[in-house]
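Notes follow the structure.
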Amino acid sequence: MGKVCDRLASFYAQWRVRSGVAPILREDHESPPERLLQTIWQHQRVVRDQLKTLDGETLRVLHPGFRSVEGGPDFRGAVLQFGADEPRCGDVEVDLRASGWRGHAHHVNPAFEKVILHVLWEGEHPPADSPRALVLRQVLDAPLGELSVWLGSESAQSLPETLRGNCCAPLRRLAADQLLDLLYQAAQVRLQSKASQFQARARQVGWEQALWEGLFRALGYKHNVWPMQRLAELRPRWAPPQPEAVAVQARLFGIGGLLPLELTRLETRADQYVRRVWDQWWRERDEFSDCILPRSLWRFHGLRPANHPLRRLALASSWSVDGDLPTRLERWCAQEVPERSLASSLLQTLQAAPDEFWSWHCTFRSPRLKHAQPLLGITRATDLAVNVVLPWLWVRAVEGKNEPVRRSIEQRYFHWPAAEDNSVLRLARQRLLGSAHRRSLPNAAAQQGLIQLVRDFCDHSNAVCEGCRLPELLEQQQQQQQQLQQQRQRC
């Protein structure tokens with residue numbers, strides 16, 4: 001039986017290597033892939049008490065930081081101590097060689113300004129303007145071949161237990177209904193916080209303009225919030241008295257600094273469309289010359305093609321041409337909508353009519369899609385609901401002292417289906433909930449509550465939870481609940 005198991009295990013092990021799940025590497029072979037080096041650093045598969053930088057300084061890794069998947073340094077928020085200095089918080093970049101610092105243009109990229117350690121595989125003299133460097137090759141806690149096999153294991157893919165937050169243990173002790181109640185309380189705070197922003201802005205510019213600014217910010221995602229915000233602030237200038245989609249698109253693309261300087265020369269229809277937009281913008285460019293945004297303000301790295309600012313502005317153009325969006329949202333709020341249809345009913349309210357160009361393209365230069373795609377999907381409609389539409393409607397109901405409408409909006413908020421998973425939620429589940437599956441957050445309100453915990457506590461601490469009071473508060477809550485339970489039992 002043992003021989004059979006050995007043979008089967010060997011066969012499966014060969015499969016893992018052949019499929020690329022676990023590449024076999026040797027010390028005398030080619031350099032390991034950066035992904036393996038990043039995982040080694042994240043899990044600290046090194047002899048931790050023997051770490052020294054290339055300049056001979058003792059290094060203590062109090063926290064390796066959190067892996068970034070959105071460009072910039074490989075790890076954010078590391079806590080490191082060099083020699084007898086005070087511990088420092090900063091970022092960590094992982095490269096095969098020191099030459100990667102200049103070779104990848106990190107030295108001129110503002111995103112790398114907070115890098116305090118350059119983790120390398122090969123030892124070589126680093127450039128003068130690079131951060132301190134650590135060479136991994138001689139300090140691994142196991143041969144490289146073993147580590148490459150470990151890379152394909154489940155433990156290597158999850159956040160190490162030692163990197164979880166101090167609040168993870170007390171949160172785990174909460175019953176499922178207690179945890180959900182806590183998340184809902186945090187979600188209520190998040191709803192009120194977003195609503196108060198609309199309230200404050202509406203005092204300055206009115207409710208409708210405040211809504212437009214919120215919608216534009218949400219369409220910018222986290223990468224392009226500020227340029228989208230600025231375009232929304234300029235809406236009283238570019239919103240046309242006569243509705244025409246191409247005219248609005250031309251103004252938004254032109255003011256945003258997003259129009260190409262020359263025709264695409266890739267597709268006849270694209271060239272024709274760009275020519276039409278340019279003809280429109282050419283006549284109006286001088287009128288808006290004082291408010292044109294620099295193209296450098298936009299971030300395109302890591303964006304899905306469908307989320308490109310051009311396509312989102314095409315959607316906003318359609319809303320602006322329609323001119324009736326606030327009224328449509330109010331009518332949607334007054335309708336009776338079954339819980340299972342909440343997201344689809346809002347999507348129907350917000351959905352734009354098909355666009356002759358943007359239903360078939362993601363950018364000016366992208367190839368024509370095989371099938372037309374709507375300008376708004378169910379995922380983005382959910383994001384708009386919890387971040388813009390429901391807070392805007394809720395605070396208007398509060399200001400109008402309309403309690404039935406306020407309760408109705410809250411009911412929609414707490415029953416809205418879960419939004420798409422993202423990097424903030426994934427890290428929060430790992431650090432706070434012990435790698436709980438995404439299904440542990442049953443709806444968008446639970447997700448919003450978890451994000452609020454991160455914003456209120458994690459964002460005000462560091463990777464080693466220094467000064468964070470959430471664990472203490474959770475323990476106090478548990479003690480109070482136990483005391484209440486004991487009192488009830490006595491009664």
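May I ask for the Rg/Rh ratio of the stretch 60-205, computed from Cα atoms with Rh as the Kirkwood radius, given to two decimals? Walk me through the numbers before you get to the answer.
Numbers: Rg = 21.0 Å, Rh = 19.0 Å.
Rg/Rh: 1.10.
If the chain between GLN192 and GLU410 were fully stretched, how many nm would it gain, using 0.36 nm times the residue separation less the Cα-Cα distance?
77.4 nm
Per residue, how much accessible area does the stretch 242-337 show when a 1.4 Å probe rolls over the protein heavy atoms, in square angstrom?
Result: 53 Å² per residue.
Using 7 Å Cα-to-Cβ label points, what is the ARG469/GLN481 separation (nm, one decimal)?
2.0
So how exposed is THR58, as accessible area in Å² (1.4 Å probe, rounded to 10)?
For THR58, solvent-accessible area is about 50 Å².
Tell me what the chain gives for mean residue ellipticity at 222 nm when only DSSP H runs of n ≥ 4 count, each as -39,500 (n - 2.57), the sum divided by the residue total, rounded to 500 deg cm²/dmol.
Working: 21 runs with 238 residues, N = 491.
So the calculated ellipticity at 222 nm is -15000 deg cm²/dmol.
As an exercise, identify the trypsin sites (Lys or Arg not before Pro) in the stretch 193-234 lying in DSSP coil whose Cβ has no more than 11 other Cβ atoms within 10 Å. Before the final figure, lay out the partial values.
On the way: sites: LYS194, ARG201, ARG203, ARG217, LYS222, ARG230; in loops: LYS222.
Of the trypsin sites (Lys or Arg not before Pro), the ones in loops of the stretch 193-234 whose Cβ has at most 11 other Cβ atoms within 10 Å are LYS222.
Among HIS106, LEU325, GLN44, whose Cα lies farthest out toward the positive end of the dipole of the chain, if unit charges sit on the beta carbon of Lys, Arg (+1) and Asp, Glu (-1)?
LEU325
I'd like the FRET efficiency for ASP271 and ALA353, computed as 1/(1 + (r/R0)^6) with the beta carbon distance as r and R0 of 22 Å, rounded to 0.05.
0.40
What are the residues whose amide H is under 5 Å from the amide H of LEU59, where those residues sit 5 or more places off or on another chain and H is modelled from the backbone?
LEU51, LYS52, THR53, GLY83
Which three extents, in angstrom, do the Cα atoms of the stretch 226-359 have along their principal axes, listed largest first?
Sorted from largest, the Cα extents of the stretch 226-359 read 49, 31, 26 Å.
How much length is gained if the chain between TRP226 and GLU284 is pulled fully straight, taking 0.36 nm per residue apart and subtracting their Cα-Cα distance, in nm to one decimal?
Going from the current span to full extension adds 18.5 nm.
For ARG203 and LYS401, what does the FRET efficiency come to when R0 = 25 Å and r is the distance between their Cβ atoms, rounded to the nearest 0.05? Display every interim value, and only then the final one.
Working: r = 17 Å, r/R0 = 0.69.
Step by step, r from the Cβ atoms, then E = 0.90.
What accessible area per residue, rounded to a whole number of Å², is obtained for the stretch 391-443 using a probe radius of 1.4 Å?
Per residue, the stretch 391-443 has 49 Å² of solvent-accessible surface.
Can you bin the stretch 351-456 into rounded, prolate or oblate? Criterion: square roots of the alpha carbon gyration tensor eigenvalues sorted a ≥ b ≥ c, rounded for a/c under 1.5, prolate for a/b above b/c, oblate for the rest.
Note, shape of the stretch 351-456 comes out oblate.
Can you sort ILE292, ILE255 by 1.4 Å-probe accessible area, starting with the largest?
Values: ILE292 65, ILE255 0 Å².
If we order ILE292, ILE255 from most to least accessible, we get ILE292, ILE255.
Report in % the part of the accessible area of the chain that belongs to carbon and sulfur, leaving out ligands and nucleic acids; probe 1.4 Å.
Accessible surface attributable to carbon and sulfur in the chain totals 50 percent.
Quick one: what Rg and Dmax do you get for the stretch 197-237 from the alpha carbons, in Å?
9.7, 27
Using a probe radius of 1.4 Å on heavy atoms only, what accessible surface per residue do you get for the stretch 62-143? Whole Å² is fine.
Spelled out: the 1.4 Å probe surface of the stretch 62-143, per residue, equals 45 Å².
Size of the chain along its principal axes in angstrom, Cα-based, largest extent first?
79, 74, 56
So which trypsin sites (Lys or Arg not before Pro) in the stretch 296-390 are both in a DSSP loop and have at most 11 other Cβ atoms within 10 Å of their Cβ?
When the trypsin sites (Lys or Arg not before Pro) of the stretch 296-390 are filtered for loop state and at most 11 Cβ neighbours within 10 Å, LYS370 remain.
Using square roots of five times the C-alpha gyration tensor eigenvalues, list the equivalent-ellipsoid semi-axes of the stretch 256-327 in whole Å, biggest first.
20, 18, 16
Nearest 5 is fine: what % of DSSP beta bridges in the chain come out antiparallel, could you say?
If I count the DSSP bridges inside the chain, around 65 percent turn out antiparallel.
For the stretch 391-431, would you read off the P(r) tail past 11 Å as a percentage of all alpha carbon pairs?
When every Cα pair of the stretch 391-431 is considered, 68 percent fall beyond 11 Å.
In nanometres, what is the gap between the two model label sites at ARG35 and GLN50, each 7 Å from Cα along Cα-to-Cβ?
Those two pseudo-labels are separated by 2.9 nm.
What is the Cα coordinate range of the stretch 328-391 on the first, second and third principal axes, sorted by size from largest, in whole angstrom?
Principal axes ranked by extent give 41, 20, 18 Å for the Cα atoms.
Arrange the residues HIS223, HIS361 by how much accessible surface each exposes, largest first, with a 1.4 angstrom probe.
If we order HIS223, HIS361 from most to least accessible, we get HIS223, HIS361.
Which order do you get for CYS89, CYS167 if you rank them by accessible area with a 1.4 Å probe, largest at the top?
Solvent-accessible surface, decreasing: CYS89, CYS167.
Please check which bits of the stretch 408-451 a label hung off ALA306 would reach, taking the label as a point 7 Å along Cα-to-C-beta and the cut-off as backbone N under 16 Å.
Within reach of a label on ALA306: 419-422.
With θ set to phi - 60°, apply the Karplus curve 6.51 cos²θ - 1.76 cosθ + 1.60 along the stretch 185-192 and write out the HN-Hα couplings as whole Hz, x wherever there is a Gly or Pro.
Computed from phi, the couplings for the stretch 185-192 are 5, 5, 5, 4, 4, 5, 4, 5 Hz.
The values are calculated or read from the model by the stated rules, or taken from the named source; none is laboratory data. Keep in mind that this is a model prediction, so the values were computed, not measured. Positions of Cβ are generated from backbone atoms using ideal geometry, with glycine treated the same way; all protein chains shown enter the neighbour counts. In case anyone asks, the SASA skips ligands and DNA or RNA and just uses the protein heavy atoms, side chains included. Shrake-Rupley method; radii C 1.70, N 1.55, O 1.52, S 1.80 Å.
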